[in-house]
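To keep things clear, I will list the structure first and then write my remarks on it.
Derivation of every value follows stated rules applied to the coordinates shown; laboratory data play no part. Worth saying up front: this structure is predicted, and the values here are computed from it rather than measured. Here the Cβ positions follow ideal geometry from the backbone for every residue, glycine too, while neighbour counts run over all protein chains shown.
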């Protein structure tokens, strides 16, 4: 039974005085004794003239069949309009984007998560649609404290007052599936953040998943949409939602990242044992939200500069640390925060950082991660052909197209971006890695090359992180920053090897060799599939040219052998076969052996060049 359906009697805030003796509750303490945040890193409060408005609280809406059918009807009407726009070749305007955002907000739950995921597919959606759908991240409202209290007590197994000496009734934050309250533990006096799940979310999830599956199946038949891997999007959305709706995943992510980010000097809050599937109790980190920092920068830059001097905060250093820690999480730890928007980043004194909300943490397949790493390394080294080669390997499949022509276009896109990156006066957006990915993605999508949906969590992190980096590093040169990361990564790798000894070095070399072999096999497999997709005309001509070239090679070998026989024919005077071979060689060939060999060599050279031109590099 869902927590929102239990104990619905009046006077709920005081019901613990009249309720039966509670069950034995779970202790609310850290899983093990861990260090808390160093008090010397706690910054002073950042007060803006227009403080952030409190979270809006609304009564929970009943999920009636009539309301659900009404929302489905609105969605189907919007889809019909979309199909008409596609068929007529008309651009989708802002009004269509606003309408679908409104529908998704009303549907809530899984639809909000799906909209957030789709907002990252800038290769699929227009800029207006991407911007409008990205607003879904900030559209959630809270639910009444009485309902939150019921849910918390059901999960704790005891009254609220037994565990907390103080509990703020009004939520400090809200999202599509939860809301957060600030409280104080009675046992230790420690401030905590209590994250409680929105009631009824499981039922809505099952309903939404059914409707979403029907919608995505119909998208396959929409003009210009058939080649997208919609099944993979459905799987990715389902996995993200299941992880975010079960707080045991977030608790595990928090513990793991607390351990790995310690080496980055990035703080992550403690997790308390009373956390459950629907309730998460975390250490309250008294930092300044990046969202407040950015808001103050727009409202009162002078006051922000004063706060930065007081707390020894350098915006540029903070921006570089954010970028470099994300790369380290991604490429070295293979465990990264998947939603680095300004509301999940906290500023501490001395330009230190803390991260919160690990409901979306990412890990990647080792092969995909290595391809992306090598692609980014190519960007840092300005080896754009290599970067694009590895970018192609991030695709689930390559269509039968002129891959070299597409590669040339993407390389030119990278080169144009690198030139912009050198100009500090240009707007951040034009120099950002997100913009580079957008422009390259547009070229890929024009040629029906679709990157894996599993790569979208990385794209989501880039998209949310850009909101902070744009203000912290407005004059950034990303090529230099990427190069800085790889130099640091190399030093760290050498340091780890020195610490672990020669045996580890041998193991690393063996693993690297196996990994390289795997990559070569994978690349060979992809290129073989691409070669198999050559048109029949190309294949036929390729075979003819190959046959002519091989024939020329055989004739050359035969003529060279025959010339040797003629030169030393006295040795074969008694051999009838050799005598016959000498007779069949025309005198003109014998007399012009140099010309004959030159002609055959030219034939082989032209044949090999023509064959290479037909196949193209890498085919």
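Compute the FRET efficiency between residue 36 and residue 187 as 1/(1 + (r/R0)^6), taking r as their Cβ-Cβ distance and R0 = 22 Å, and round to the nearest 0.05.
0.90
Go ahead and run the numbers for FRET between residue 366 and residue 263, Cβ-Cβ distance against an R0 of 30 Å, rounding to 0.05.
In this case the efficiency is close to 0.90.
Would you mind calculating the gained length between residue 162 and residue 477 on full extension (0.36 nm times residue separation, minus the Cα-Cα distance), in nm to one decimal?
Separation in residues times 0.36 nm, less the Cα-Cα distance, equals 108.0 nm.
Run the quick spin-label model on residue 56 and residue 447: label points 7 Å from Cα toward the beta carbon, then report their separation in nm to one decimal.
4.6 nm
Go from 0 up to the bin containing the longest alpha carbon distance in the range 361-468, width 10 Å each, and give me the % of pairs per bin.
Result returned by the calculation: 14, 47, 34, 6, 0.
So, in nm, how far is label residue 312 from label residue 102 when the simple model puts each one 7 Å beyond its Cα toward the Cβ?
5.3 nm
Mark the label point 7 Å from the Cα of residue 146 along Cα→Cβ and return the residues of the range 167-195 whose backbone N is within less than 18 Å of it.
Within reach of a label on residue 146, which here means backbone N under 18 Å from a point 7 Å along Cα→Cβ, the range 167-195 contributes 169-171.
In nm, to one decimal, how far is the residue 214 label point from the residue 299 one, both placed 7 Å along Cα→Cβ?
For residue 214 paired with residue 299, the spin-label model returns 4.6 nm.
Which FRET efficiency, nearest 0.05, do residue 128 and residue 383 yield, Cβ-Cβ r, R0 35 Å?
Approximately 0.50, to the nearest 0.05.
On full extension of the chain, what length is gained from residue 79 through residue 44, given 0.36 nm per residue of separation minus the C-alpha to C-alpha distance?
So the extension gain works out to 7.6 nm.
So for 78, 417, fewest C-beta neighbours within 10 Å to most, what's the order?
Final ranking by Cβ density, sparse to dense: 78, 417.
What is the fewest-to-most order of 433, 445 by other Cβ atoms lying within 10 Å of their Cβ?
So the residues, fewest neighbours to most, are 445, 433.
Sort 147, 345 so the one with the fewest other Cβ atoms within 10 Å of its own Cβ comes first.
Starting with the residue having the fewest Cβ neighbours, the order is 147, 345.
Working out 0.36 nm times the residue gap between residue 415 and residue 402, then minus their Cα-Cα distance, what length gain in nm do you get to one decimal?
Between residue 415 and residue 402, full extension yields an extra 2.6 nm.
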